[in-house]
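Chemist: Below is the structure I would like to discuss, written out as structure tokens.
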Amino acid sequence: MKMTKRIDAPTGTETVGHEWDGIEELDTPLPRWWLMIFVACVVFAIGYVVVYPAIPMRHSATQGVIRWNSRADYQAQVAADTARRAPINRAIAATPVEQLPQHPALLRAAVEGGRAAFKVHCVQCHGAGAAGSVGYPNLNDDDWLWGGDLKSIEYTLINGVRNPDHDATRFSQMPAFADILQPAEINQLVRHVRNISGQGKPNAAGAALFAANCAACHGAEGKGGREFGAPNLTDGIWLYGGDEAALRTTITYARAGVMPRWNARLDPVTIRMLAAYVHSLGGGEANPAAVLAEGKVDGGA
Amino acid sequence: MAALDLISPNSPLYSKRKGVYPKAVNGFYRRLKWLVMAVTLTIYYVTPWLRWDRGPYAPDQAVLIDLAHRRFYMFSIEIWPQEFYYVAGLLVMAGIGLFLVTSAVGRAWCGYACPQTVWTDLFVHVERLTDGDRNAQIRLARAPMTPGKAAKRFTKHAIWIAIAVATGGAWIFYFADAPTLAVAFVTGSAPFVAYATVGVLTATTYILGGLMREQVCIYMCPWPRIQTAMLDEKSLIVTYKYWRGEPRTRGLKKPVPQLADFPTESINIAMRAGRAGDCIDCDSCVAVCPTGIDIREGPQIGCITCALCIDACDKVMAQIGRPRGLIDYATLEDAVVEKAGGAPRPVLGTLLRPRTLVYFAIWAGIGGAMLFSLGERSRLDISVASDRNPRYVQLSDGSIRNSYTVKLRNMEARPRGVDVSVSGLPGAVMWTEAGSRDTAGPSTRVTLAPDATTQLRLFVAAPADGSEHSRFHLQAQPIDGVPGSKEARPARDDVTFERPEREDAQ
Ligand code: SF4
Ligand code: SF4
């Protein structure tokens, strides 16, 4: 590679001085506009560094003369969004939960708001998809201990279940039959419960024990009762499991699930939204007859 | 200061644009350029105003890019976002079309149809109206500023800007109902983006077409780099037949520096024959060139193959009584043959050769396939997504419920009713969010909004006994439409029904 600059005769342009295999590179000047744009970009970059945060310092970057920062931007957007949602939140607050289905726009907003609130407050127990797990009810199904219409769900949310610091809480207590019945009798009861839920053979002794000890809460046929949050023992859904071992444990030691009362932590609008969301999961029930009689028909179910 | 030196106008880094004052020319190729300009500009300005009746639920603009609703209308064709592959197909066709044109006739796209060329040509013409032809323009450029010159400059730039505004103005009509937008635009109620678009396009048209012209083709445009690579020795390009033109008649009387650029043996041929070449060094070809190059220096990147130099030189040849075509479309292969005294191949022979035919076959194949699938495509579509969390729900009667998010796309511009039904899942019943378990049945009727996607949540319940993952179909059957016709064709999607693992089944 030779490095001698010379003027190329046909073009009158200086060469850059490189030569490879006899090929030389012309040092053709740039068009003036091209260089202008380059200079303009440099000027713009300097201006940008002056105006916006740019150069990293020890603790934070230089602030820039307009003192812009993304956190303020974010807060302004949150404030704007809160203001934007205020009217619909007020409307939801003013509408009794059982009447939400008559206002499709409100219901939609409530369900979406509830979906978001659920992800923050409820997934810890009920799971991200509200499918629950052993001891934590599945909110997607059609089996409800305390009622599955909008109003009942909202009540449960507000007051909690067996919540110790609140009088209006949903409350019931199943006795632990270890103190009342012999293990053999408990086994007979287990077989009877298995039978009425379609899983085993009839068992006369168990039936008698059931009528004497359990029917008061679970009903003569074992179909449960919502005034006590007593589960229906004849269906396919078991909160603590329907196999023999789980049933024996349930009868022997009793179960008493607890849910906090959410009015201690959430505002009424959020609770109403949560009720609408839980109701929308596919197992929500129609409003009780009293509401229907007033002509307020539940659109979702 | 060294830094300031760099931006001084005399710095060697700078090259001031050399003025290009193309001379007016007439001839076959110039008339072809007029024709192409008239056709392309007419298409550009008129298309948005064409109407096309699509019924009450769809716009009646023949060509419309409806960004807000993500629809592309082109006469009877309507493209939805998920059919974007048609646009991709068009782009592939455009690419292969460029291969085809380039391999056949070189940079003909650049010379005739490129918007930069069309608008530059228009602007050059305006310049001739205000300033006169080449010589007058050069004189005017050198003349000191007088009121007369100022008036001419003002008129020229005013017309240029008017053209630029009209260019940007026409563009926005492709994106909204043209008559409505036109009224809104002049009354000041059009959306901001419309004004911004017109502003940007006005600026770019004026700057690129009016001020920068050939600088765009030579420095900014990527095509010349790609296209010159796609040419081969069989492609038609604008060629100066130096073996016929050299030595230049006038040049013979003086030293001819250009001779150094040509292979010595060709000069020898001409010299040995003891005759002068046909080129009289009149520089007509240089004067008319819109990119300001001298084609006699050989094929070069600045040449956009507009053939105006052919028109100019043909006129000179006619005047001096020599055959036309000293500068002409020729292939590099022909050049060799002709130089040796042979006759060039007929133009058809250079156009129809395996390479162009293969390109054409691919290009036409894609076009044909797209037309066929456009004719065959269904205007109803169902797509089902299983709601995965939870995968399934056990109901109190022991049956299993799955839920699905169903999207029904009615791509016809009228409301339609469809029956959504389950097939292949024994004992299944379904209901939508609006219904409930009590009203569940084997199918549900849904009314679809015209030209829209309807989304619904669908619950499907089936007995618990069955395999863990059963495949079934969700089918949407239009309730109207002549049986067997395209409109009555059902749409279906493959769906999985999830059940608990067998050990857990209660
Ligand atoms: S126009 Fe023809 S004759 Fe005149 S300089 Fe160009 S090539 Fe030569
Ligand atoms: S050299 Fe001829 S064909 Fe090429 S750009 Fe100039 S006038 Fe057009």
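Chemist: Criterion first (open to solvent by 40 Å² or more (accessible area, probe 1.4 Å) and assigned to a loop (DSSP other than H, G, I, E, B)) does B:R391 satisfy it?
Modeler: yes
Chemist: Scan the range B:206-224 for residues that are open to solvent by 20 Å² or more (accessible area, probe 1.4 Å) and away from chain A (no Cβ under 12 Å) and jot them down.
Modeler: Correct list: B:Y206, B:C217, B:C221, B:P222, B:W223.
Chemist: At pLDDT below 85, open to solvent by 50 Å² or more (accessible area, probe 1.4 Å), more than 21 Å from the chain's Cα centre (by Cα) and more than 16 Å from ligand 1 (Cβ to nearest atom): is that true of B:P255 in this structure?
Modeler: Yes: the conditions hold for B:P255.
Chemist: If you go through the range A:110-160, how many residues are within 12 Å of chain B (Cβ to nearest Cβ) and of a type in the set (S, T, N, Q)?
Modeler: The qualifying residues number 3.
Chemist: Let me spell it out: the conditions are (1) of a type in the set (A, V, I, L, M); (2) at pLDDT 90 or above; (3) over 41 Å from the mean Cα position of the chain (by Cα); (4) over 26 Å from B:E214 (Cβ atoms), and A:I23 meets all of them except one. Which number is the exception?
Modeler: Only one criterion in (1) of a type in the set (A, V, I, L, M); (2) at pLDDT 90 or above; (3) over 41 Å from the mean Cα position of the chain (by Cα); (4) over 26 Å from B:E214 (Cβ atoms) is unmet by A:I23, namely (2).
Chemist: Of the residues A:A76, A:A61, only one is over 22 Å from B:R17 (Cβ atoms) and open to solvent by less than 50 Å² (accessible area, probe 1.4 Å); which?
Modeler: None of the others qualify; the one that does is A:A61.
Chemist: Being in contact with a Leu (Cβ under 8 Å, 6 or more places away or on another chain) and either open to solvent by less than 20 Å² (accessible area, probe 1.4 Å) or near ligand 1 (Cβ under 8 Å from one of its atoms) (or both) is the filter here, so list the residues in the range B:274-288 that pass it.
Modeler: Passing the criteria: B:D278, B:C279, B:V288.
Chemist: Let me ask something else about it. Which condition from (1) more than 8 Å from ligand 2 (Cβ to nearest atom); (2) of a type outside the set (D, E, K, R); (3) open to solvent by less than 20 Å² (accessible area, probe 1.4 Å); (4) within 32 Å of the chain's Cα centre (by Cα) is the one that B:P299 breaks?
Modeler: Only one criterion in (1) more than 8 Å from ligand 2 (Cβ to nearest atom); (2) of a type outside the set (D, E, K, R); (3) open to solvent by less than 20 Å² (accessible area, probe 1.4 Å); (4) within 32 Å of the chain's Cα centre (by Cα) is unmet by B:P299, namely (3).
Chemist: If you don't mind, there's one more thing I want to ask. What number goes with the only condition from (1) out of contact with any strand residue (DSSP E or B) (no Cβ under 9 Å at 6 or more places or on another chain); (2) over 22 Å from B:T120 (Cα atoms) that B:G169 does not pass?
Modeler: (2)
Chemist: Is it the case, given these coordinates, that B:P179 is free of Cβ contacts under 8 Å to residues at least 24 places away in the same chain and open to solvent by 40 Å² or more (accessible area, probe 1.4 Å)? Give the steps one after another, and end with the answer.
Modeler: Values: free of Cβ contacts under 8 Å to residues at least 24 places away in the same chain: no; open to solvent by 40 Å² or more (accessible area, probe 1.4 Å): yes.
Against the criterion (free of Cβ contacts under 8 Å to residues at least 24 places away in the same chain and open to solvent by 40 Å² or more (accessible area, probe 1.4 Å)), B:P179 does not qualify.
Chemist: Quick check on B:I293: is it within 14 Å of chain A (Cβ to nearest Cβ), at pLDDT 90 or above and within 14 Å of ligand 2 (Cβ to nearest atom)?
Modeler: Against the criterion (within 14 Å of chain A (Cβ to nearest Cβ), at pLDDT 90 or above and within 14 Å of ligand 2 (Cβ to nearest atom)), B:I293 qualifies.
Chemist: Now a separate question. Quick check on my filter: what residues within the range B:305-333 are of a type in the set (S, T, N, Q), within 13 Å of ligand 1 (Cβ to nearest atom) and either in a loop (DSSP other than H, G, I, E, B) or under 10 Å from B:V25 (Cβ atoms) (or both)?
Modeler: If the condition is that a residue be of a type in the set (S, T, N, Q), within 13 Å of ligand 1 (Cβ to nearest atom) and either in a loop (DSSP other than H, G, I, E, B) or under 10 Å from B:V25 (Cβ atoms) (or both), then no residue fits.
Chemist: Related question: What's the number of the only condition in (1) aromatic (F, W, Y); (2) more than 12 Å from ligand 2 (Cβ to nearest atom); (3) open to solvent by less than 60 Å² (accessible area, probe 1.4 Å) that B:F372 fails to meet?
Modeler: (3)
Chemist: Give me the pairs, please: first residue somewhere in the range A:201-219 and over 11 Å from A:E185 (Cα atoms), second residue anywhere and of a type in the set (F, W, Y) and open to solvent by 30 Å² or more (accessible area, probe 1.4 Å), beta-carbon distance under 9 Å, and either six or more positions apart or on two chains.
Modeler: Qualifying pairs under 9 Å: A:A216/A:F228; A:C217/A:F228; A:H218/A:F228.
Chemist: Looking at B:A158, B:A164, can you tell me which residue is in the same structural domain as B:L208 (by the TED database), modelled with pLDDT of 95 or more, assigned to a helix (DSSP H, G or I) and open to solvent by 30 Å² or more (accessible area, probe 1.4 Å)?
Modeler: Only one candidate passes the filter, namely B:A158.
Chemist: Where in the range B:407-497 are there strands (runs of 3 or more DSSP E), lying wholly inside it, with at least 1 residues that are closer than 29 Å to B:A68 by Cα and either of a type in the set (A, V, I, L, M) or more than 48 Å from the chain's Cα centre (by Cα) (or both)?
Modeler: Details: elements: B:416-423, B:429-432, B:443-448, B:452-462, B:469-478.
Per the criteria, B:416-423, B:443-448, B:452-462, B:469-478.
Chemist: Quick check: anything in the range B:470-489 modelled with pLDDT of 90 or more and within 14 Å of chain A (Cβ to nearest Cβ)?
Modeler: Scanning the range B:470-489, I find no residue that is modelled with pLDDT of 90 or more and within 14 Å of chain A (Cβ to nearest Cβ), so the answer is no.
Chemist: I've got another one for you. Please tell me if A:L157 is at pLDDT 95 or above, out of contact with any Cys (no Cβ under 8 Å at 6 or more places or on another chain) and in the same structural domain as A:H121 (by the TED database). Write out each step before concluding.
Modeler: Details: at pLDDT 95 or above: yes; out of contact with any Cys (no Cβ under 8 Å at 6 or more places or on another chain): yes; in the same structural domain as A:H121 (by the TED database): yes.
Yes.
Chemist: Continuing with the same structure: Can B:A343 be described as open to solvent by 70 Å² or more (accessible area, probe 1.4 Å), away from every other protein chain (no Cβ under 14 Å) and either within 12 Å of ligand 2 (Cβ to nearest atom) or farther than 15 Å from B:G245 by Cα (or both)?
Modeler: Against the criterion (open to solvent by 70 Å² or more (accessible area, probe 1.4 Å), away from every other protein chain (no Cβ under 14 Å) and either within 12 Å of ligand 2 (Cβ to nearest atom) or farther than 15 Å from B:G245 by Cα (or both)), B:A343 qualifies.
Chemist: Which members of the range A:1-48 meet the condition of being free of Cβ contacts under 8 Å to residues at least 12 places away in the same chain and more than 14 Å from chain B (Cβ to nearest Cβ)?
Modeler: Result: A:R6, A:D21, A:G22, A:I23, A:E25, A:F44, A:A45, A:G47, A:Y48.
Chemist: Then there's this: Regarding B:A307, is this residue in contact with a strand residue (DSSP E or B) (Cβ under 8 Å, 6 or more places away or on another chain), within 16 Å of ligand 2 (Cβ to nearest atom), among the aliphatic types (A, V, I, L, M) and at pLDDT below 90?
Modeler: No, not satisfied.
The values are calculated or read from the model by the stated rules, or taken from the named source; none is laboratory data. These figures come from a predicted structure and were not determined experimentally. Cβ sites come from the backbone with ideal geometry, for glycine too, and all protein chains shown count toward neighbours. The protein model used for the area step is the full one, side chains on, heavy atoms only, and it has no ligands, DNA or RNA in it. Shrake-Rupley method; radii C 1.70, N 1.55, O 1.52, S 1.80 Å.
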